[in-house]
Each structure stands twice: as C-alpha cells, then as structure tokens.
1. How many residues, within the stretch 7-41, are within 17 Å of Lys54 (Cα to Cα) and basic (Lys, Arg)?
2. Which members of the stretch 21-44 meet the condition of being surrounded by 11 or more Cβ atoms within 10 Å (Cβ to Cβ) and either under 9 Å from the mean Cα position of the chain (by Cα) or among the hydrophobic types (A, V, I, L, M, F, W, C) (or both)?
3. What helices (runs of 4 or more DSSP H) completely inside the chain contain at least 3 residues that are among the aliphatic types (A, V, I, L, M) and without any contact (Cβ under 8 Å) to a residue 24 or more places away in the chain?
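Throughout, read-outs are computed from the coordinates displayed, never taken from laboratory work. As the structure is a computational prediction, the values presented were derived from the model and not from experiment. Here Cβ is always computed from backbone atoms with ideal geometry, including for glycine, and neighbour counts include all displayed protein chains.
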Amino acid sequence: MTCKDHNAASHQGVVKIGSTVREALKNDPKLGKLSQANLLMAINNAREAHKDAKLIDALHM
C-alpha cells in the first residue's frame, strides 16, 4: 500500500489500514513502541512527506 492509497481511502479504510500497520510494526524497535495516537500521527506525517512511497517504507524514512 502506498501513501497515495492511504490518502484515497475512506474513513473505515484508514481505520483498517491503521490497525494493519500497527500489527505489522508491533515488533519494530522504534515504531512498535508508539501509542496508537502517536502511530497515527507518524502515518499522517509520513504519507504527506513521501506520497509515492509504500506506507511502511515512508514510516522508516
């Protein structure tokens, strides 16, 4: 999933994406420790800064 896909998703889609990303990153040494609210803020910042990147990659940039 790219940041553009995330931007185009419905509210329900964004919620599902957030849950999926949180699950995928739960063992990540940096991002796995973020609260849900902070992870959502990180996703928003990453998708705005790296519109063409895959969402997970954008979070690591």
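1. Residues flagged as within 17 Å of Lys54 (Cα to Cα) and basic (Lys, Arg) within the stretch 7-41 amount to 2.
2. Val21, Arg22, Ala24, Leu25, Leu31, Leu34, Leu39, Leu40, Met41, Ala42, Ile43, Asn44
3. Once the helices (runs of 4 or more DSSP H) in the chain are filtered for at least 3 residues that are among the aliphatic types (A, V, I, L, M) and without any contact (Cβ under 8 Å) to a residue 24 or more places away in the chain, what remains is 36-49.
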